[in-house]
Amino acid sequence: MNHQTKEPLLKRVLDNPWLLLVLGVLIPFLSYTAWGWIELVLVQPAALP
Amino acid sequence: MSSTLTATFPASPDPAARALTRKCDTTGLNVCLEAERFIKFNAVSAVVFLLIGGIAALLLALTRWQAVHLLRVDWFYRILTLHGLNMLIFWILFFEVAVLYFACTTPLNARLFSAKVAWAGFAQMVTGALMVNYIILKGQADVLMTSYLPLLAHPLFYLGIILVATGTLTGVFNFFATLYVARRDRTYEGSVPLVTFGATAAAIIAVVTLLHGAIVMIPTFTFSMGWTAQPDPMWYRMIWWGLGHQSQQVNVCAMVAVWYLIAQLATGARPINETVCRTAFLLYVLFINIASAHHLLVDPAVGATWKIWNTSYAMYLAVLASMIHGFTVPASVELAMREKGHTKGLFGWVVALPWRNPAFAGAVLSVLIFGFIGGITGVTLGTQQINIIAHNTLRITGHFHATVVGGTSLAFMALAYYVIPLIFRRDFIWRPAARIQPWLFGGGILLVSLGMSFAGSMGVPRRIYDIDQSGAFGAAAHLMLGVMGLGALAAVAGLLLFVLLCVGTILAGERNEGRPMADWGVASTLAGAREGSLADDHWAVKGTVALTAVFLVCFAVYYFANWKALADVWPVR
Ligand code: HEM
Ligand SMILES: [Cu+2]
């Protein structure tokens, strides 16, 4: 696509499926998966009575 | 009819593309023949899995309806596994691939990137789905669709799911490759149409979904083969819901795209503001997936900050997106209707809608059930504090039968009333029955959802074979299970009618080649009406504003009633 005539930022973002793909994969991976995974790793083994 | 359809996607005449395409006799658009073939394959497979899931649904409902209590205990869990997978995964994913192949070709005047890739994806998906169903029915995978470790199924079960996931991913790849080629070759001008944009959002979410599927299923498969150690059950649950929750958000995007499409086909409605609609899809892409965390709200190994961030603050941006769509779809319809001259009062336009068009009726019911029942219960149940009084009760099942069944499945059924005449090029048989089908299915599922929700409010658990053993439930809970059971009879009848109509039409419907498809009915235009006449009237959508106010009041009442219910758990006197 030709961006010589500057379009508004939002429109450029919306017209770029590859950027959307990257953001769409990255955000849930960081916010849900990576953060959640770290939480699991940090769980301490229960002390046996 | 044909004029509205043509206006939806203006076709550009490109002689080079002719050989492998045909011109649609109804819309004048170019249809890629390869895409058409795979739309057919995927749509037919989807309907077959819907049928399997529907038969299972009947058996389940007649078992949970305690007064009937049909199945034996082992078969209850077997059929529950079968139902979950065939409905939530197979019916939906196959249909979605069909939607994707449509959305990246015809509206863009483009051709499918590769038939070989499409074959590869389809073959994997079918093989996988057959493996899963075989091993479930053989009784070697009674693990429910979530297959939480340490429950263990036969390796074929996991392998089948992996194949379905990689097959879908292959189809999604084909979609993106087609988008790329279409843009490179400039088969269209400017931005992609809204339907394609919505499908792109769905495809992006599908990538996230299927990556999680691969991460969780591959080590579980190798464990089931005895090659590796057992993955941690808590880790399994977390990654699994990256698959299980998000596959539903793929549907949500596809469903919303279908709403816009059908609104336009049946009433000529155009989104009031395209940028707002697209931005709402963008919010889905960015924020809807993290809500997977609501499945872990009572799991001890993840902290409150993670839970609340992922299910509330950040996720409400995705809820906002749903509310934007829920407003703009009816608003655009209202505007179109008023411009057609249906201006009487607040709701005169509602009366004049093409209710006899099954695609339109199905789409309206889908918006209403998804928004009023699915959406309101979803936000409420997904609140960390409230979740504790609802987790693992039938309220959850009641919620998602309003979203994935009353919302998505009904929207997909509605779309079929256009897909079959346009792609299979046969007009529907038994049209009077088709006109009532959405009402039967939608009304039935409404009762199912309400019955489950109220029973759940009284504490009836989900995934339980026999609630009478505990002796804890009285007549009211049983009554609600009866409501669910009666609703299920209607919904399954609607589902079977749908399958019958589709199969009957594909086999024996009258061919419509060389002429436009038989019209289902569109909104009429009154004398003196002028398109665009209300473009500057800020109160042109007052009916929708009134409906929205009703929605927000319902939402607030339900939400606060639940906080009250939570507070009542520990009364301080
Ligand atoms: C024909 C209408 C349908 C009826 C009457 C129906 C009924 C039921 C019933 C009675 C249950 C068991 C609840 C329990 O005991 O926990 C259930 C579970 C479920 N249904 Fe449906 N259903 C229908 C359609 C669908 C569709 C179309 C989908 C998906 C698109 C779906 C997805 C599910 C899922 C995911 C579960 C949970 C499975 C589990 O707990 O493992 N259902 N349904
Ligand atoms: Cu979810």
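Numbers below:
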{"read-out": "Filter result for residue B:348 (under 18 Å from the mean Cα position of the chain (by Cα) and open to solvent by 10 Å² or more (accessible area, probe 1.4 Å))", "value": "no"}
{"read-out": "From the options B:172, B:192, residue that is part of a loop (DSSP other than H, G, I, E, B), within 19 Å of residue B:257 (Cα to Cα) and either modelled with pLDDT of 90 or more or within 11 Å of chain A (Cβ to nearest Cβ) (or both)", "value": "B:192"}
{"read-out": "Hey, residue B:485 of a type outside the set (Lys, Arg) and assigned to a helix (DSSP H, G or I) or not", "value": "yes"}
{"read-out": "Any hit, the stretch B:436-443, residues being surrounded by fewer than 21 Cβ atoms within 10 Å (Cβ to Cβ), away from ligand 1 (no atom under 13 Å from the Cβ) and modelled with pLDDT under 95", "value": "no"}
{"read-out": "The one condition in (1) within 10 Å of chain A (Cβ to nearest Cβ); (2) open to solvent by less than 30 Å² (accessible area, probe 1.4 Å) that residue B:224 fails to fulfil", "value": "(1)"}
{"read-out": "Residue that is farthest from the other protein chains (Cβ to nearest Cβ), among those in the stretch B:72-81 that are more than 11 Å from ligand 1 (Cβ to nearest atom) and either among the β-branched types (Val, Ile, Thr) or free of Cβ contacts under 8 Å to residues at least 40 places away in the same chain (or both)", "value": "B:72"}
{"read-out": "Selected residue [within 14 Å of ligand 2 (Cβ to nearest atom) and open to solvent by 10 Å² or more (accessible area, probe 1.4 Å)] from B:397, B:393", "value": "B:397"}
{"read-out": "Residue in the stretch B:48-67 that is within 22 Å of the chain's Cα centre (by Cα) and more than 12 Å from ligand 1 (Cβ to nearest atom) present", "value": "yes"}
{"read-out": "Check on residue B:386, open to solvent by 10 Å² or more (accessible area, probe 1.4 Å) and in contact (Cβ under 8 Å) with a residue 12 or more places away in the chain", "value": "no"}
{"read-out": "Pairs with Cβ under 6 Å, 6+ apart, first in the stretch B:319-348 and within 18 Å of residue B:274 (Cβ to Cβ), second of a type in the set (Asp, Glu)", "value": "B:339/B:531"}
{"read-out": "Test: residue B:449 is within 16 Å of ligand 1 (Cβ to nearest atom), more than 14 Å from chain A (Cβ to nearest Cβ) and touching a residue at least 24 places away in the same chain (Cβ under 8 Å)", "value": "yes"}
{"read-out": "Matching option when the condition is in contact (Cβ under 8 Å) with a residue 12 or more places away in the chain, more than 16 Å from ligand 2 (Cβ to nearest atom) and on the phi > 0 side of the Ramachandran plot, among B:430, B:439", "value": "B:430"}
{"read-out": "Conditions (1) farther than 25 Å from residue B:238 by Cα; (2) touching a helix residue (DSSP H, G or I) at 6+ places or on another chain (Cβ under 9 Å); (3) open to solvent by 10 Å² or more (accessible area, probe 1.4 Å): number failed by residue B:116", "value": "(2)"}
{"read-out": "Selected residue (only one of B:509, B:487, B:471 is more than 10 Å from ligand 1 (Cβ to nearest atom) and open to solvent by less than 30 Å² (accessible area, probe 1.4 Å))", "value": "B:509"}
{"read-out": "Complete set of residues in the stretch B:259-298 that are modelled with pLDDT under 90, more than 9 Å from every other protein chain (Cβ to nearest Cβ) and not in a helix (DSSP H, G or I)", "value": "B:268, B:269, B:270, B:271, B:272, B:273"}
{"read-out": "Residue B:140, sole failed condition from (1) within 19 Å of residue B:86 (Cβ to Cβ); (2) crowded, with 20+ Cβ neighbours inside 10 Å", "value": "(2)"}
{"read-out": "Residue that is nearest to residue B:433 (Cα to Cα) [pool: residues in the stretch B:351-377 that are within 16 Å of ligand 1 (Cβ to nearest atom) and open to solvent by 20 Å² or more (accessible area, probe 1.4 Å)]", "value": "B:365"}
{"read-out": "Lone unmet requirement of (1) in contact (Cβ under 8 Å) with a residue 40 or more places away in the chain; (2) away from ligand 1 (no atom under 14 Å from the Cβ) for residue B:228", "value": "(1)"}
{"read-out": "All positions within the stretch B:233-247 that are within 14 Å of ligand 2 (Cβ to nearest atom), surrounded by fewer than 23 Cβ atoms within 10 Å (Cβ to Cβ) and farther than 18 Å from residue B:404 by Cα", "value": "B:237"}
{"read-out": "Selected residue [in contact (Cβ under 8 Å) with a residue 24 or more places away in the chain, surrounded by fewer than 21 Cβ atoms within 10 Å (Cβ to Cβ) and among the aliphatic types (A, V, I, L, M)] from B:159, B:179", "value": "B:159"}
{"read-out": "Residue B:214 being more than 21 Å from residue B:34 (Cα to Cα), part of a helix (DSSP H, G or I), within 11 Å of chain A (Cβ to nearest Cβ) and among the aliphatic types (A, V, I, L, M)", "value": "no"}
{"read-out": "Every residue from the stretch B:195-205 that is of a type outside the set (Ser, Thr, Tyr) and within 10 Å of chain A (Cβ to nearest Cβ)", "value": "B:197, B:201, B:203, B:204, B:205"}
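To keep it simple, each residue is scored yes or no on (1) within 10 Å of the chain's Cα centre (by Cα); (2) of a type in the set (A, V, I, L, M, F, W, C); (3) modelled with pLDDT under 85; (4) open to solvent by 70 Å² or more (accessible area, probe 1.4 Å).
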{"residue": "A:12", "(1), (2), (3), (4)": "no, no, no, no"}
{"residue": "A:16", "(1), (2), (3), (4)": "no, no, no, no"}
{"residue": "A:22", "(1), (2), (3), (4)": "yes, yes, no, yes"}
{"residue": "A:41", "(1), (2), (3), (4)": "no, yes, no, yes"}
{"residue": "A:44", "(1), (2), (3), (4)": "no, no, no, yes"}
{"residue": "A:48", "(1), (2), (3), (4)": "no, yes, yes, yes"}
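To keep it simple, each residue is scored yes or no on (1) open to solvent by 20 Å² or more (accessible area, probe 1.4 Å); (2) within 16 Å of ligand 2 (Cβ to nearest atom); (3) within 14 Å of chain A (Cβ to nearest Cβ); (4) not in a helix (DSSP H, G or I).
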| site | (1), (2), (3), (4) |
| --- | --- |
| B:39 | no, no, no, no |
| B:42 | no, no, no, no |
| B:55 | yes, no, no, no |
| B:62 | yes, no, no, no |
| B:70 | yes, no, no, yes |
| B:83 | yes, no, no, no |
| B:94 | no, no, no, no |
| B:125 | no, no, no, no |
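The values are calculated or read from the model by the stated rules, or taken from the named source; none is laboratory data. As the structure is a computational prediction, the values presented were derived from the model and not from experiment. Here Cβ is always computed from backbone atoms with ideal geometry, including for glycine, and neighbour counts include all displayed protein chains. To get the accessible areas, we keep the full protein, side chains included, count just its heavy atoms, and leave off ligands, DNA and RNA. Shrake-Rupley method; radii C 1.70, N 1.55, O 1.52, S 1.80 Å.
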